[in-house]
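The values are calculated or read from the model by the stated rules, or taken from the named source; none is laboratory data. The model shown is predicted, which means the values in this text are computed figures rather than measured ones. A quick note on method: Cβ atoms are made from the backbone with ideal geometry, for glycine too, and the neighbour counts reach across all protein chains shown. These accessible areas exclude ligands, DNA and RNA; they are computed on the full protein's heavy atoms, side chains included. Shrake-Rupley method; radii C 1.70, N 1.55, O 1.52, S 1.80 Å.
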Amino acid sequence: MSSSFLFNVATLSYLVSMVVFFAFLGSRNKTIGLAGSIAASFGLIVQTAAIGLRWKESYDLGHGHAPLSNLYESVVFFAWTIIFIYVLIDFRYKYRAVGAFVVPFAFLGMAWAQLGLNSGIEPLVPALQSNWLLYHVITCFLGYAAFAVACGVSIMYLIKSKYEVGNGNAKSGGIMSLFPSTKFLDDLNYKAIMLGFPLLTLGIITGAAWADYAWGSYWSWDPKETWSLIVWFIYAAFLHARITRGWVGRRAAILSIIGFAATIFCYLGVNLLLSGLHSYGGG
Amino acid sequence: MTPTKTGFANSLWNFFCSLKLTIFLLIGLSAASIIGTVVPQNAAPAQYAKIYSEATVQLFNALDFFDMYHSWWFILLLYLLTLNLVACSLKRLPRDWKIFTAPTVAMDEEMEKSLSLVRHCKMPGSSAKLRDMLGVFLTREFAAPVVTGGEGRYYLFAQKSLYSRLGVYVLHFSIIIIFIGAMIGSYFGYKAYVNIEEGSESSVVYRRTASAGQMETPEQIAARAIDLGFTVRCESFSISYYDNGSPREYKSVLSVIENGRTVVDRRPVIVNSPLTYRGITFYQSSYSPADDPVFHLTVRSGKDGTGRKITARHGERVSLPGGSSLQVIEYTDDIKPFFPQLSGPAVRMAVMPKSGETQILLLLKNYPDFDLQRGGELAFTYDGMDQKWRTGLQVAKDPGVWIVWLGCCLMVAGIFMAFFLSHRRIWVRIENGRVSIGGATNKNQPAFQIFFDTLTDKLKAM
Ligand code: HEM
């Protein structure tokens, strides 16, 4: 069995999970909701095995390295972290509807990686031969995944709050009854960002440490560095507004979505549209 | 700490303390940084001329967009940020000081009004009994309370993670530390480079400047030289490749000589593994050929087969036995990209007989018999080549970098204190079978509210 086959199975599981979660929103059948969670968890297990297997395969090719070295591998890892964080939330809170807004990010990532990106296992170029690569990529992507969850939850918040306004606060029947309360969503948004921000901070610091070790300059205003700082500023602004100004609800949700848009630009837009030192560009 | 209360000074002070300024600066710095990622920084004038119209170049020049991160206005934003941080910390300090040294332990009616989370319930039993019961309850569910009051009226006060209040100071302070480290680095350190040929040495390096490499006079280059105080010698430089032809490793073997003594002997320096000596660090950064490569060939005359070794510099015309001559035209380290079924180094050369037509031959190092099969009068094999390299080293001295790392550690610690710990306080007043509970947190109100609701529900269910 090859890792590539397992990645396809994982992608399919996320697709199934996503469709089942949508069906859950339509049918409001608890069993269907559980099935969605199981599909996502199954996909996570398969994908974990696939990443491990790919790691081993690189050793079989004679130039072993962690599977975090190019755009394909980073997208796969990003999808993995999103599902990982989602499954944690699911175990903890059991709000199945959240899956319908978070799993799609992972599915889209995996589908893009499997269909559109070059999945060859390449040897590491000299610039990437460092353990800092591992620390840097893992912290950054865990942070990104937390922001993805925050974004999904914020979208849910906006939908739910709009619906509640439209129907008065009294009753929110139908699909909306499956959504967690706005208070919960708002809190989860904040919690996810509170988790993502320290991870992003660590990601930037490990990146700076690595740059210093490899190039003799911990900060050189490279576009990727600069964009990660911009993302950091946006979430810092979010946290200040929230903590000291009590920004909750709609405004917090919108800022969270803007933050994630900037995150995605930092991750993909910079490589695809701007030029710099980071070698994740190209396919 | 508070400045004089004259109107202007006061409003200036408030301005520098304000969160509005923080948000403005964070957004302003973001917006400015975006400009810097879109407009190429410190490029050659010719490149700008290609991208932008003349008027745009003039405008961007005036606005410092081409070296934006070092422009006066960007630096000003950073200074304002620092000022903002210091001012807001000074402003908070007296308030927090009081919370540390003289906490409010009794929630009276007046204070109760200032709390957003307050519940009342009636409970049976004497005040003293309720006091004891609630003391146990709070200790179990929250934290051990301080009990005050008497004569049928009791106050309980419990708090958690008081020290998390310091997190904000640590965090804000860490940013200033990082700035200090960065400034020390830029005043007392430098970024430089030096190119050294294999087998030679250098005791100076050249500062990198915005204009470095752009048609400089020797005087201008000399003005950028920095004396190391010791000598760096490049013993050798080599590149190795993976099977697929992509580079695996660039390696310079460096020695350091100080006062005639070799203090670092043949230390390999590769990308991601620099050499540091006396606070100055040398990074493998680039390489270039130092001169034309020399090729080693063997030529055999078709009849007797005895070989004769010859060497030929790239492009040099070398005489052969019998009056003909050869010249190496091209070479490659790997033939595979051109002929996928073959591998290894190859040369293409021209053989010019005394009379007649020039012949172009391909020689493959891995296939010594290849040219023999041609059946010519002379047969050649390619034995290898010597290339003298010049290694390109990035040289950096940054005495501030440890301060920057200290700041980063403080930042992480501060974030954990400030985010994951919140100072939560709960007050209880017991009077005539009536229990009033008030709660406050210094952050994350919604989460605390959920906690507070659960807590009071539990109490009511008792
Ligand atoms: C970049 C420069 C920064 C500036 C100029 C700044 C400024 C401020 C200001 C003015 C306040 C309000 C203080 C008050 O109302 O008493 C504040 C509070 C706070 N800041 Fe920052 N800040 C900065 C960076 C950060 C960062 C990166 C974080 C990490 C997320 C952070 C975390 C906090 C927290 C947690 C508070 C709330 C303190 C509280 O009331 O409990 N700050 N900051």
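List of remarks:
Okay, residues lined up against (1) open to solvent by less than 10 Å² (accessible area, probe 1.4 Å); (2) within 16 Å of the ligand (Cβ to nearest atom); (3) at pLDDT 90 or above:
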position: A:Gly168; (1), (2), (3): no, no, no
position: A:Thr182; (1), (2), (3): no, no, no
position: A:Ile204; (1), (2), (3): no, yes, yes
position: A:Ile243; (1), (2), (3): no, yes, no
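- Hey, A:Ala50 closer than 25 Å to A:Tyr267 by Cα, more than 14 Å from every other protein chain (Cβ to nearest Cβ) and either without any contact (Cβ under 8 Å) to a residue 60 or more places away in the chain or under 17 Å from the mean Cα position of the chain (by Cα) (or both) or not: yes
- Any hit, the stretch B:286-297, residues being more than 19 Å from B:Leu362 (Cα to Cα) and within 12 Å of chain A (Cβ to nearest Cβ): yes
- For B:Gln159: the one exception among (1) away from the ligand (no atom under 16 Å from the Cβ); (2) assigned to a strand (DSSP E or B); (3) away from every other protein chain (no Cβ under 14 Å); (4) more than 25 Å from the chain's Cα centre (by Cα): (1)
- Hey, A:Leu134 away from chain B (no Cβ under 14 Å), within 24 Å of A:Gly43 (Cβ to Cβ) and open to solvent by 40 Å² or more (accessible area, probe 1.4 Å) or not: no
- When A:Gly33 is tested against (1) open to solvent by 10 Å² or more (accessible area, probe 1.4 Å); (2) closer than 18 Å to A:Phe101 by Cβ, only condition (1) is not met.
- Residues satisfying the stated conditions in the stretch B:244-258, i.e. at pLDDT 90 or above and surrounded by fewer than 17 Cβ atoms within 10 Å (Cβ to Cβ): B:Ile257, B:Glu258
- Test: B:Ile75 is touching a helix residue (DSSP H, G or I) at 6+ places or on another chain (Cβ under 9 Å), within 14 Å of chain A (Cβ to nearest Cβ) and surrounded by fewer than 16 Cβ atoms within 10 Å (Cβ to Cβ): yes
- Pick from the stretch A:245-261, criterion within 14 Å of the ligand (Cβ to nearest atom) and among the small types (Gly, Ala, Ser), ranking: nearest to the other protein chains (Cβ to nearest Cβ): A:Gly246
- Scanning the stretch B:11-40 for residues being surrounded by 15 or more Cβ atoms within 10 Å (Cβ to Cβ), modelled with pLDDT of 85 or more and at the interface with chain A (Cβ under 7 Å from one of its Cβ atoms) gives a total of 8.
- Positions within the stretch B:152-204 being among the aromatic types (Phe, Trp, Tyr) and within 30 Å of B:Asp292 (Cβ to Cβ), in sequence order: B:Tyr193
- Scope the stretch B:100-119; condition hydrophobic (A, V, I, L, M, F, W, C) and either within 14 Å of chain A (Cβ to nearest Cβ) or within 11 Å of the ligand (Cβ to nearest atom) (or both); matching residues: B:Leu117
- Residue in the stretch B:208-215 that is of a type outside the set (Val, Ile, Thr), over 24 Å from B:Lys397 (Cα atoms) and outside the structural domain of B:Pro337 (by TED's automatic domain parsing) present: yes
- Criterion applied to A:Phe42, A:Phe84, A:Phe21 was being open to solvent by less than 60 Å² (accessible area, probe 1.4 Å) and either out of contact with any strand residue (DSSP E or B) (no Cβ under 8 Å at 6 or more places or on another chain) or among the hydroxyl-bearing types (Ser, Thr, Tyr) (or both), and the one residue passing it is A:Phe21.
- Residue in the stretch B:135-155 that is in contact (Cβ under 8 Å) with a residue 24 or more places away in the chain, open to solvent by less than 30 Å² (accessible area, probe 1.4 Å) and in a helix (DSSP H, G or I) present: yes
- Selection count, the stretch B:316-350, where residues are within 40 Å of the chain's Cα centre (by Cα) and farther than 19 Å from B:Met385 by Cα: 2
- Annotation note: Cβ proximity below 7 Å between a residue of the stretch A:252-279 that is outside the structural domain of A:Trp221 (by TED's automatic domain parsing) and a residue that is at pLDDT below 90 and surrounded by 15 or more Cβ atoms within 10 Å (Cβ to Cβ) (sequence gap 6+ or interchain) occurs for no pair.
- Within the stretch A:220-240, residues that are under 11 Å from A:Phe265 (Cα atoms) and not assigned by TED's automatic domain parsing to the domain that holds A:Ile264 have Cβ atoms under 6 Å from residues that are within 10 Å of the ligand (Cβ to nearest atom) and open to solvent by 30 Å² or more (accessible area, probe 1.4 Å) in no pair, counting only partners at least 6 apart in sequence or on another chain.
- Looking only at residues in the stretch B:177-210 that are open to solvent by less than 30 Å² (accessible area, probe 1.4 Å) and of a type in the set (A, V, I, L, M, F, W, C), the one that is nearest to the ligand (Cβ to nearest atom) is B:Ile177.
- Per the listing A:Asp90, A:Asp186, the residue uniquely more than 19 Å from A:Thr263 (Cβ to Cβ), modelled with pLDDT of 80 or more, outside the structural domain of A:Leu68 (by TED's automatic domain parsing) and in a helix (DSSP H, G or I) is A:Asp186.
- So B:Asn444, is it within 16 Å of the ligand (Cβ to nearest atom) and at positive phi: yes
- Checked against the criterion of being open to solvent by 20 Å² or more (accessible area, probe 1.4 Å), within 16 Å of the ligand (Cβ to nearest atom) and more than 30 Å from B:Ser273 (Cβ to Cβ), the candidates A:Leu195, A:Leu178 yield just one match: A:Leu195.
- Test set (1) within 16 Å of the ligand (Cβ to nearest atom); (2) open to solvent by less than 70 Å² (accessible area, probe 1.4 Å); (3) out of contact with any His (no Cβ under 8 Å at 6 or more places or on another chain) - B:Tyr52 fails condition number: (1)
- The numbered conditions (1) surrounded by 15 or more Cβ atoms within 10 Å (Cβ to Cβ); (2) within 16 Å of the ligand (Cβ to nearest atom) are all true for B:Pro94 except (1).
- Subset of the stretch A:94-119 [in contact (Cβ under 8 Å) with a residue 24 or more places away in the chain and part of a loop (DSSP other than H, G, I, E, B)]: A:Tyr95, A:Leu117, A:Asn118, A:Ser119
- Members of the stretch B:273-323 that are in a strand (DSSP E or B), open to solvent by 70 Å² or more (accessible area, probe 1.4 Å) and among the β-branched types (Val, Ile, Thr): B:Thr276, B:Thr311
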